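Working notes, beginning with the structure itself.
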Amino acid sequence: MVLTGRTPTRRRLAAAVTALTCAIAVAAAGCTRDDGFRPGAADTGDPYVPGSGNGGYDVTHYGLDVSYDPASDRLTGRATITATATQDLSRFNLDLAGLAVSRVTVGDARAEHRRVDGELVVTPHDGLPRGRPFTVAVDYAGVPTAVTDGELGSGGFLHTADGAVALGQPDSAATWFPVNDHPSDKASYDLAVTVPDGLSALSNGVPGPKSSVDGWTTWRWSERTPMASYLTTLVIGDYRVVSGSHAGRPMVTAVAASLPATGGAARALARTGEIVDFLASRFGPYPFDSYGGIVVTDDRIGYALETQSRPVYGPDFFADDRPNVGVVAHELAHQWFGDSVSLSRWGDIWLNEGFASYAEWLWEEHDGGRTAQRNFELQYAATDWSQPSVEPGRERMFGTAVYKRGALTVHALRRTVGDDTFFRILRTWTAERAGGNATTSDFVALAERVANRQLRPLFDAWLVGGAAPTLP
């Protein structure tokens, strides 16, 4: 703004007042700094998860040290976050729901912090230049809360009869630690969780040494391969834990102690290594340093989730004590499709669910059931072609079109290019994109490159066309 009709003295005074006002606002929450430093975005702009994720930095590692007392339902934690500024950064946000923050440091200096809804707004003592690595330490505590969404259901940190379960998609992590809660910012993790003696505390990755002091046991876990935040989990309670190894890597499975030791859930999880080996023969080498799975009994968990290296299964999948290996194949397939190769944006979720659903068909055929072709024919006849797989809309994010129409598209690709080229496309995708993020356009481009032919019309017809496509 240009001010007119004032004397030079008054102009200097006005400028000084403006500079002081802006400096105060920068410290508290406000203006863009005159030196070019500016706040990071408080949202990724992903319409499927409004308010989740943040801009201005890229996280490389989370070090989490938490303790949880089921008797009081109180969580105490310290998160040490290593990141790099992706702009000249005056302040930045972390997603954190409900828990109280007592102290924040950036580097060695105390940082100002405040809460705005589900955001922790951090203003470091000095600006963070673009490209500079920095470390944030956040001390926090409180009674965690679940995230309830009228369209997508409940997730987050759930207090249970014997402990807790932290789980959910598309968001859950922010209910138990400060995080950049969007799959586009993946990071490695180290977790130390302290619980009363006698309880298990299970999470992602490779198990570390346990230690016990004064009635409390600390469990340690490490996931070194980059992981999307919604793929983190923490399961605390009375579990029958089986630790071993498979193909030279740790294998940790756990079933709630209230379930039969040789029941359907335990029998299904016991096939984890066998299923992984089969999927690796189709998709390429298994992408992580450990294997496993966890079966919980809380009825609020009406789903299974591909939490990285150690999927969590709700009780409904093993009703009547049946060993449901189909769901195990689905969640293990996600280790390649969704976990190793993660979404850049939620509108492309079929890349996760379509391939995992197709893996169920592959496994069923391998295990002596219906062929993938027969499942394709049955699903083709039952599909509502008015519902797209890509950009399905927030309310249909986990709908049939994402899962089953997505699987139809995968099989249509296979029929079009032939088995040799098809599986070469899948193995090339999982190898070239391992540990990263991708979109539908990325997959189509890779498929066309490997097949050496145009495939966009095929994907358009099978993923988003409004009428039944012609069978290839």
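Taken over the range 93-121, the criterion of being closer than 17 Å to Ala173 by Cβ and of a type in the set (A, V, I, L, M, F, W, C) is satisfied by Leu94, Leu96, Ala97, Leu99, Val101, Leu120. Among the residues making up the range 299-334, those that are among the charged types (D, E, K, R), under 21 Å from the mean Cα position of the chain (by Cα) and closer than 18 Å to Gly237 by Cβ are Arg300, Arg310. Among the residues of the range 176-189, write down those that are surrounded by 22 or more Cβ atoms within 10 Å (Cβ to Cβ) and not in a loop (DSSP other than H, G, I, E, B). Listed by number, the residues that qualify are Val179, Tyr189. Filtered by the rule that a residue be among the small types (Gly, Ala, Ser), in a helix (DSSP H, G or I) and open to solvent by less than 30 Å² (accessible area, probe 1.4 Å), the range 415-472 gives Ala447, Ala451. Do we have Arg130 as farther than 30 Å from Glu391 by Cβ, assigned to a loop (DSSP other than H, G, I, E, B) and of a type in the set (D, E, K, R) here? For Arg130, the condition - farther than 30 Å from Glu391 by Cβ, assigned to a loop (DSSP other than H, G, I, E, B) and of a type in the set (D, E, K, R) - is met. I'd like to verify a number: residues in the range 215-238 that are small (Gly, Ala, Ser) and more than 14 Å from Ser188 (Cα to Cα), how many? Residues in the range 215-238 being small (Gly, Ala, Ser) and more than 14 Å from Ser188 (Cα to Cα): 2 in total. Cβ-Cβ contacts under 6 Å between residues 6 or more apart (or on different chains), taken from a first residue in the range 313-326 that is at pLDDT 95 or above to a second residue that is part of a helix (DSSP H, G or I) and of a type in the set (Asp, Glu), are listed as Gly326/Glu360.
Of these, Ala438, Ala407, which one is of a type in the set (Gly, Ala, Ser) and over 25 Å from Leu378 (Cα atoms)?
Result: Ala438 is the single residue among Ala438, Ala407 that is of a type in the set (Gly, Ala, Ser) and over 25 Å from Leu378 (Cα atoms).
Selection of first residues in the range 416-433 that are free of Cβ contacts under 8 Å to residues at least 24 places away in the same chain and of second residues that are open to solvent by 30 Å² or more (accessible area, probe 1.4 Å) and of a type outside the set (A, V, I, L, M, F, W, C), restricted to Cβ pairs under 7 Å at least 6 apart or on distinct chains, gives the following pairs, ordered by first then second residue: Phe422/Arg414. Gly131 meets each of the listed conditions (1) surrounded by 15 or more Cβ atoms within 10 Å (Cβ to Cβ); (2) farther than 24 Å from Thr307 by Cα apart from (1).
Would you confirm whether any residue within the range 209-217 is more than 14 Å from the chain's Cα centre (by Cα), under 18 Å from Leu99 (Cβ atoms) and either in contact (Cβ under 8 Å) with a residue 40 or more places away in the chain or open to solvent by 30 Å² or more (accessible area, probe 1.4 Å) (or both)? No: zero hits. Taking the range 162-175 as the region of interest, how many residues are open to solvent by 10 Å² or more (accessible area, probe 1.4 Å), under 16 Å from Ile236 (Cβ atoms) and not in a loop (DSSP other than H, G, I, E, B)? Count: 0. Residues of the range 190-208 that are within 30 Å of Ala434 (Cβ to Cβ) and either crowded, with 21+ Cβ neighbours inside 10 Å or hydrophobic (A, V, I, L, M, F, W, C) (or both): Leu191, Ala192, Val193, Ala201, Leu202, Ser203, Asn204, Gly205, Val206.
The values are calculated or read from the model by the stated rules, or taken from the named source; none is laboratory data. Source: prediction; values computed, not measured. Every residue, glycine among them, receives a Cβ derived from its backbone with ideal geometry; neighbour counts consider all protein chains shown. SASA here: full protein model, heavy atoms, side chains in, ligands and nucleic acids out. Shrake-Rupley method; radii C 1.70, N 1.55, O 1.52, S 1.80 Å.
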